[in-house]
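Some notes on the structure that comes next.
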4 protein chains.
Amino acid sequence: MVKALICGGSGYAGGELLRILSHHPHVSIEGVTSERSAGKSVAALFPHLRKYSHLLYEPLIPETLAAKGDVFFMALPHGTSQQAVDFFYRQGKWVIDLSADYRLRDAGTYERWYGVRHEHTSTLGQAVYGLPEVYRESLKGTRLIANPGCYPTGALLGLVPLSRAGFLRHSSIFIDAKSGTSGAGRKGDISVSFCEINEGFKAYSVGTHRHTPEIEQELSVLSGVKVVVDFTPHLLPLDRGILSTIYVHPMADVSPESISALYRDAYEKEPFVRVLEYGVLPNIKNVRGTNFCDIGLKFNERTHSLIVITAIDNLVKGASGQAVHNMNLALGFPETTALENSAVFP
Amino acid sequence: MVKALICGGSGYAGGELLRILSHHPHVSIEGVTSERSAGKSVAALFPHLRKYSHLLYEPLIPETLAAKGDVFFMALPHGTSQQAVDFFYRQGKWVIDLSADYRLRDAGTYERWYGVRHEHTSTLGQAVYGLPEVYRESLKGTRLIANPGCYPTGALLGLVPLSRAGFLRHSSIFIDAKSGTSGAGRKGDISVSFCEINEGFKAYSVGTHRHTPEIEQELSVLSGVKVVVDFTPHLLPLDRGILSTIYVHPMADVSPESISALYRDAYEKEPFVRVLEYGVLPNIKNVRGTNFCDIGLKFNERTHSLIVITAIDNLVKGASGQAVHNMNLALGFPETTALENSAVFP
Amino acid sequence: MVKALICGGSGYAGGELLRILSHHPHVSIEGVTSERSAGKSVAALFPHLRKYSHLLYEPLIPETLAAKGDVFFMALPHGTSQQAVDFFYRQGKWVIDLSADYRLRDAGTYERWYGVRHEHTSTLGQAVYGLPEVYRESLKGTRLIANPGCYPTGALLGLVPLSRAGFLRHSSIFIDAKSGTSGAGRKGDISVSFCEINEGFKAYSVGTHRHTPEIEQELSVLSGVKVVVDFTPHLLPLDRGILSTIYVHPMADVSPESISALYRDAYEKEPFVRVLEYGVLPNIKNVRGTNFCDIGLKFNERTHSLIVITAIDNLVKGASGQAVHNMNLALGFPETTALENSAVFP
Amino acid sequence: MVKALICGGSGYAGGELLRILSHHPHVSIEGVTSERSAGKSVAALFPHLRKYSHLLYEPLIPETLAAKGDVFFMALPHGTSQQAVDFFYRQGKWVIDLSADYRLRDAGTYERWYGVRHEHTSTLGQAVYGLPEVYRESLKGTRLIANPGCYPTGALLGLVPLSRAGFLRHSSIFIDAKSGTSGAGRKGDISVSFCEINEGFKAYSVGTHRHTPEIEQELSVLSGVKVVVDFTPHLLPLDRGILSTIYVHPMADVSPESISALYRDAYEKEPFVRVLEYGVLPNIKNVRGTNFCDIGLKFNERTHSLIVITAIDNLVKGASGQAVHNMNLALGFPETTALENSAVFP
């Protein structure tokens, strides 16, 4: 049994790590931290875990924790995560960071978008970007994983096959993304209170969302040229899920068959990507609570735009599920362990 | 034009007062207070009122405000409201208090349930309980109105005809009430954040909710004996509305006709109570945004229980709409002024 | 009093016509039709209108109806509407058609997208497209109005100022629209049942939605060149509202000031368009139940894309409210009559 | 591997059987029926099951099916189920009937409440009522199980300890139950369309719901006297879950400790019942997608009423999960097989 610790376990991503790892046959959760809830039980904050977790929250004291675990899941705010990640990594631990701190390879870009200096650039250089569909081989055996952001996961899985095939070099890309409210985190804030969100819908952070450079970084690497994107997030009045409607324009003429083949070839061996029949469109509801990414495709012959639509669960494939997938790869477990389940519908 | 001031105008009840009074032909809103939002515009806090309100929030300075208005709507927290109400009342103003501070006639009961001492018992003695269907004549011309709580409004309108007819003297009463989340107020608190409320449903404050003594007070007055009730509130994953399912048991044998007649007779002249045909049941959705109370009736012959179900909008009939109704009565305007609208459906 | 008839009054748009016209001081509703619900009361189908409507549904018998009314609101399915519109128009009545049948000026385009032949092309030539912000002068006194589709209303109001200024001649346009479920109509169909829609989100009719040619027609007229658009509708798990996120790319360099000025100048005298401060983004929730269109603007300097976001209520500004606005213009009533209300929030 | 067949697999309960059994290590699903969807794939009707089910629906031809399976899950409408259950049972199969047809021991009661004659009364006499917390021993090895209704499951688990202890003999019982909309089934019907349900809440079938005699039957058996109940179901605007607020009155004086002890003793060995600390109240959200029943307790000293609140998932513990639990018991598998999972929160 591998001993796991969860740093920052009182938020929604932390709750999902607790849920998923509780059912992992090769992992025992040895501790979970929360500064504000230290001393309280997991079941008090997450009554749905009653019976599956008997842990109490403890404060994050690096030295104490280091002695207790092998693999560290870091679900701390960006900026805060940096140092703790560096510490556990230097202690020889496996570290999977769910924050943004080790995702951007260029510290300057990180500082520009996040307004925080990166103090651990040499450790930064060791991090592998945890998108298994792209970096599977590098992830095997690595000790430091930068788990992708939720929006980048949905956007990239929709664009990876096109990037690799060179289609993005001469096209504009518009990513119109819509996320459930859990993406805003578990917090007491009027802006996410029920009555403000329910029956409402809006865009936010238009042109300025911090996930933008992460998307552009990966597309640029895969395309071999600098790629920029319009990225517009919206807030959906539902708990979970991200639907990304992606426009690539102009697109060299493609047929339904050729575009389907491109995506099927890219993903046919992927356990968590389901490419739908051409013209069939994904729905957030079908991936809720799962590690799946469903992908739909449509070419608009009138406008020469390709529309790619992806659906993921922001807390699973977009956070904690992908983190466990990455751990499975890093530690050599069968990669779908603890992640095989279908959505609960309706 | 009567000059109105709204004390505590940044919450949901305050927002509704702003909305309703903006369309009142005999009222001009001269000011609105909020300590935390002083200096901000109403449109910043309530973008839906853009174009209809150009006011800025100001702090509540009693002397300054007193000079500006004739009628004062008090939408402050209980405990806080007491003193300001007393002040404006003594200045000769009309005062409509939406807090709980002047609802309970007995200061001791107030102190026991609210944990706050009542410092203005002589003013308390002047307050009229603002349920027009019961106290219409007393409300005409009065200067101090204790606007009923949201739950008591729904519960009492369902029980008034029975109380008057003496049916409650020998029966047990169970009020199982379900409220939309706006009833919890506009606040930044994890417990009312979208993801905690959405797709969830629970009871709270079972047997201990502070609206209990208010319901019992009025039922006892009308029944002529001390009445106690089981009152159980629940939290619905929707914005607005209270549905109260009320069980009266055992109930002397009644026929559909007799029970319908009792309610129709009680309410046939009431502009805001709609008694449905026997067996037809109300739905929160049909009263949303309105000052209506819809009432459904069913007698269970197998158990000898009468089930009365009422639906109101907690922020309109249960708060701000009823407050305007009361103002209309107190100041002699046609009583439905600014309150004639149907729900927006769906 | 003008005598109004509503043909097709059992759906959501019909219900909204009943609601809005019930409060119109210069209109009396003389009849409402429904084939399936003939003989039933309006209050049976729309309990929220109880007290405001005492009509019974009747079948649509053109000759009988013609004798009863002056102005005819046609809320019938496309294809079905054609002939009835033609009949009432030839009888000298005012006709406001909420279906798609008289929106497309070119009968061939209509037939291609709707799969129905247009049998009344000479009457078609008389119709004025009922977007008051563009065609106000033509609407005054006209007798045949093609009321715009819900999606086109939101899309066009976001693009009219750009079209007029010539900005659309050399740009690509992506309209990513999200609509509440009432847009699908009031129908018994598993696909719109609660459990399928709730907690879900998906795109539909990508590249093939019938509102596309309507949007392109109007943009082309205003731009003076043929304009094509990518239009992608999505289905939101909420009752009402359309948010349209519109990308115009590439966009000549514009400043926040210049782009704001363009929109303010275009709409400053419009009673139902609210241009928000640059960077402030609209929310469906703020326009629910109203005839407003809120517009937000953001220029992305990194990508040279202009993002315009509009919010409307699909059943009011996108259907019945706009229809009443058009009637007011056609018949010479003050144009905001019966349409002055703010959203009910929350 | 046991071979399972699902008769009536296109509804929500059928979908849940497919989901749960797909992950059962000792079961292979050999077929699934649907008259209307015969020939279609499971993934077409339930895209969330894509990858986990590759079956096609087939019509229900008893002889053909009998040859293919060992255990038959019957998710057909009541009335329809009767004969098919009888057939498979007589063929020596294990039969778990999710309809109401074999729940009421008295055929006359069945006929009175369901309006259908029972044609297989001798088979009826063989059925075991599938509430494991009460009938575990009888369920082991039985071949015919009447799976409880959703409302009865929630109501009975809240009342079983009181019944056994004799508390219900002299008390009145009010069961105010609130169910998610999936309880109405998967159907195309305006009454369950999104816009009718969303933001609404209502009671239905007051005093006449068909689950009433099922609740009374079991409480009477356990209490040793005839018990009647007031049962009032309501429809919640959410997908899943039933919260039952149960009033028992008058209740002999009980202390928090004594009442908690009663429930803990009753359920301490039950794998799927979680008795919460006295005063802690359950929330539907914590049991969604699980086979758990959470129970909260509160004694109202002012009124001498005991309030018991239970939360279940209507499709899992209230239908398909309980059916699999029953199969595990009947066939001798570890009883929690395929049912060990916590809710996905939020």
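The values are calculated or read from the model by the stated rules, or taken from the named source; none is laboratory data. Because the structure is a prediction, the values reported are computed rather than measured. With ideal geometry, Cβ positions are generated from the backbone for all residues, glycine too; neighbour counts draw on all protein chains shown. Only protein heavy atoms, including side chains, enter the accessible area calculation; ligands, DNA and RNA are left aside. Shrake-Rupley method; radii C 1.70, N 1.55, O 1.52, S 1.80 Å.
Here are the numbers for the structure shown:
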read-out: Cα centroid separation, region D:265-310 to region A:247-290 (Å); value: 45
read-out: Helical segments meeting 20 Å axial Cα length and Kyte-Doolittle 0.0 threshold in chain A (DSSP H); value: A:150-164
read-out: Global geometry of chain A, whether rounded, prolate or oblate, following the gyration tensor of its Cα atoms and the 1.5 cut on a/c; value: prolate
read-out: Solvent-accessible area lost in complex, 10 Å² minimum, residues of region B:221-242 relative to chain alone, 1.4 Å; value: B:Val228, B:Val229, B:Asp230, B:Thr232, B:His234, B:Leu236, B:Pro237, B:Leu238, B:Asp239, B:Arg240
read-out: Residue list for region D:214-243, given a label point 7 angstrom along the Cα-to-Cβ vector of D:Thr121 and an amide N cut-off under 18 Å; value: none
read-out: Coil-residue chymotrypsin sites (Phe, Trp or Tyr not before Pro) of region D:141-249, DSSP, other Cβ within 10 Å capped at 15; value: D:Tyr204
read-out: Percentage of interatomic Cα-Cα distances in region D:126-172 larger than 11 Å; value: 69
read-out: Karplus-derived HN-Hα couplings along region D:52-62 (A = 6.51, B = -1.76, C = 1.60, θ = phi - 60°), whole Hz, x at Gly and Pro; value: 9, 9, 10, 7, 10, 5, 9, x, 7, 10, x
read-out: Peptide A:292-302 - average C-beta neighbours from other chains (10 Å radius); value: 3
read-out: Inter-copy separations for A:Lys51, label at 7 Å along Cα-Cβ, nm, ascending; value: 2.6, 4.7, 5.3
read-out: CD proxy at 222 nm, helix term only [per DSSP H run n ≥ 4: -39500 (n - 2.57); per residue of chain D; nearest 500]; value: -8500 deg cm²/dmol
read-out: Nearest-20 debye value, chain A charge dipole, Cβ charges on Lys, Arg, Asp, Glu; value: 460
read-out: Which of C:Val225, C:Leu235, C:Leu262, positive extreme of dipole for region C:197-278 (C-beta unit charges); value: C:Leu235
read-out: Percent of alpha-carbon pairs separated by more than 20 Å within region B:207-346; value: 55
read-out: Amide hydrogen neighbours beyond the local backbone of A:Val95, cut-off 5 Å, H modeled; value: A:Phe72, A:Leu144, A:Ile145
read-out: Test item: Cα-centred dipole of region A:233-293, Lys/Arg +1 and Asp/Glu -1 on Cβ, debye; value: 340
read-out: Coil-residue GluC sites (Glu not before Pro) of region D:214-313, DSSP, other Cβ within 10 Å capped at 12; value: D:Glu268, D:Glu277, D:Glu301
read-out: When each of C:Lys93/C:Lys187; B:Lys51/C:Lys298; B:Lys3/B:Lys140; B:Lys187/C:Lys178; C:Lys187/C:Lys317 is checked by Cα-Cα distance, pairs over 25 Å; value: C:Lys93/C:Lys187; B:Lys187/C:Lys178
read-out: Cβ-vector label at 7 Å, C:Glu301, separations to other copies in nm; value: 4.3, 6.7, 7.9
read-out: Beta carbon of chain A nearest to the axis of the rotation taking A to C, residue and angstrom distance; value: A:Asp176, 2
read-out: FRET efficiency estimate (nearest 0.05) - Cβ-Cβ, B:Glu137 to B:Ser220, R0 30 angstrom; value: 0.90
read-out: Accessible area of region A:202-346 divided out per residue, in Å², using a probe of 1.4 angstrom; value: 26
read-out: Cα gyration tensor shape for region C:73-156, rounded if a/c is under 1.5, else prolate or oblate; value: oblate
read-out: Shielding score for B:19-32, defined as the mean number of other chain Cβ atoms within 10 Å; value: 1
read-out: Charge tally in the Cβ shell below 11 Å around B:Glu30, where Lys, Arg are +1 and Asp, Glu are -1, B:Glu30 excluded; value: 0
read-out: Percent of beta bridges antiparallel (DSSP, region C:248-323, rounded to nearest 5); value: 75
read-out: Cα centre as origin, Lys/Arg/Asp/Glu Cβ charges: the protein assembly as shown dipole, Debye; value: 0
read-out: Protein heavy-atom accessible area occluded, A/C pair - total, 1.4 Å probe, Å²; value: 4000
read-out: Accessible surface, region D:39-79, averaged per residue in Å² (probe 1.4 Å); value: 42
read-out: Rounded percent of accessible protein surface that carbon and sulfur make up, the protein assembly as shown, 1.4 Å probe; value: 51
read-out: Spin-label pair A:Ser258/B:Asp265, simplified geometry with 7 Å Cα→Cβ offset, distance in nm; value: 8.4
read-out: Beta bridges by DSSP in the protein assembly as shown, antiparallel share as percent, to the nearest 5; value: 50
read-out: Shape call, region D:1-142: gyration tensor on alpha carbons, a/c limit 1.5; value: prolate
read-out: 5 angstrom amide H check on B:Leu76, placed H, neighbours 5+ away; value: B:Leu98, B:Ser99
read-out: Per residue solvent-accessible surface (Å²) - region A:89-142, probe of 1.4 Å; value: 45
read-out: Nm distances between copies for C:His26, ranked from closest, using label points 7 Å along Cα→Cβ; value: 2.7, 7.7, 7.8
read-out: Pairwise centroid distance, computed over Cα atoms, of region D:160-210 with region B:311-331, Å; value: 31
